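Have a look at the structure below before the remarks.
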Amino acid sequence: MSFIIAIDGPAAAGKGTLSRKIAEAYGFQHLDSGLTYRATAKALLDAGLPLDDEAVATRIALAVDLGGLDRTALAKHQIGEAASRIAVMPSVRRALVEAQRGFSRREPGVVIDGRDIGTVVCPDAPVKLYVTASPEVRARRRYDEIVAGGAAADYPAIFEDVQKRDARDMGRADSPLKPASDAHLLDTSEMSIEAAFRAAKTIIDAALNRN
Ligand code: DC
């Protein structure tokens, strides 16, 4: 059976970097489930289709190819915003959750990160982490990332976006962002990525020893 590490948390909490590091260290495959929502949103935007038609968005979601998810091509802020809008639609979620569950069966194990992996997609995962950081720290990290990439950034606007995205992800009726009752909380506000990885490793190794 595949060993599943489920990692959830709000936008810009550092789950992506942490997930990739864990997958590499354990030789597991990694899926950033946010990319499946982003790929659906981008396909809609590219085709000039509406973002508020659940039947249309579901048809697109059913055709998303997990092998063709390109993080760079899907990174744009506007795509993330659109993804967050279609992610409130139950039948879009059903289509993408089905694809994510298919991925979760890959041997020898997987790391899947997102918003509802430990609560809905893989509720039986032996390791669940909820990675978070204060909204100020997350906005600051996003700001530094943009500036490091050579672009201009506006901290107050980014901070407002982080708060808006949190409200939408945590406030939706279907599969809202929240820690699973058996998730380990990892607040990275004052933690380096190395420190977060060490904390995660202790939790994962203990679960692997139990298995
Ligand atoms: O993590 P991200 O920024 O790439 O995610 C984009 C949007 O997709 C996010 O605002 C909410 C949605 N999402 C979701 O609803 N469930 C997931 N498991 C992953 C992402």
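The values are calculated or read from the model by the stated rules, or taken from the named source; none is laboratory data. Computed from a prediction, not measured in an experiment: that's the story for all the values here. Heads up, the Cβs are rebuilt from the backbone with ideal geometry, glycines too, and the neighbour counts pull from every protein chain shown.
Among the candidates Arg115, Arg101, Arg106, Arg140, the residue that is among the charged types (D, E, K, R), away from the ligand (no atom under 16 Å from the Cβ) and closer than 18 Å to Ile4 by Cα is uniquely Arg106.
Scanning the stretch 31-61 for residues that are over 15 Å from Ala87 (Cβ atoms) and within 10 Å of the ligand (Cβ to nearest atom) yields one hit, Leu31. Consider the stretch 126-168 and keep the residues that are small (Gly, Ala, Ser) and within 16 Å of the chain's Cα centre (by Cα). The one that is nearest to Val110 (Cα to Cα) is Ala133.
Residue-wise test of (1) of a type in the set (Gly, Ala, Ser); (2) within 19 Å of Ala180 (Cβ to Cβ); (3) crowded, with 22+ Cβ neighbours inside 10 Å.
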| position | (1), (2), (3) |
| --- | --- |
| Ile22 | no, yes, yes |
| Leu51 | no, no, no |
| Arg85 | no, no, no |
| Val92 | no, no, yes |
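Scanning the stretch 130-145 for residues that are out of contact with any strand residue (DSSP E or B) (no Cβ under 6 Å at 6 or more places or on another chain) and in contact (Cβ under 8 Å) with a residue 12 or more places away in the chain yields Ala133, Ser134, Pro135, Glu136, Val137, Arg138, Ala139, Arg140, Arg141, Arg142, Tyr143. Just to be sure, is Ser192 surrounded by 18 or more Cβ atoms within 10 Å (Cβ to Cβ) and either of a type outside the set (Asp, Glu) or at pLDDT 95 or above (or both)? No, not satisfied. Cβ-Cβ distances below 6 Å connect no pair with a first residue in the stretch 107-129 that is at pLDDT below 95, a second residue that is of a type in the set (Ser, Thr, Tyr), and a separation of six or more residues or different chains. So, in the stretch 107-143, of the ones that are of a type in the set (Asp, Glu) and assigned to a loop (DSSP other than H, G, I, E, B), which residue ends up surrounded by the most Cβ atoms within 10 Å (Cβ to Cβ)? Applying the filter and picking the extreme gives Asp116. Pick from the stretch 147-174 the residues that are in contact (Cβ under 8 Å) with a residue 60 or more places away in the chain and not in a helix (DSSP H, G or I): which of them is nearest to Ala133 (Cα to Cα)? Taking the candidates together, the pick is Arg172.
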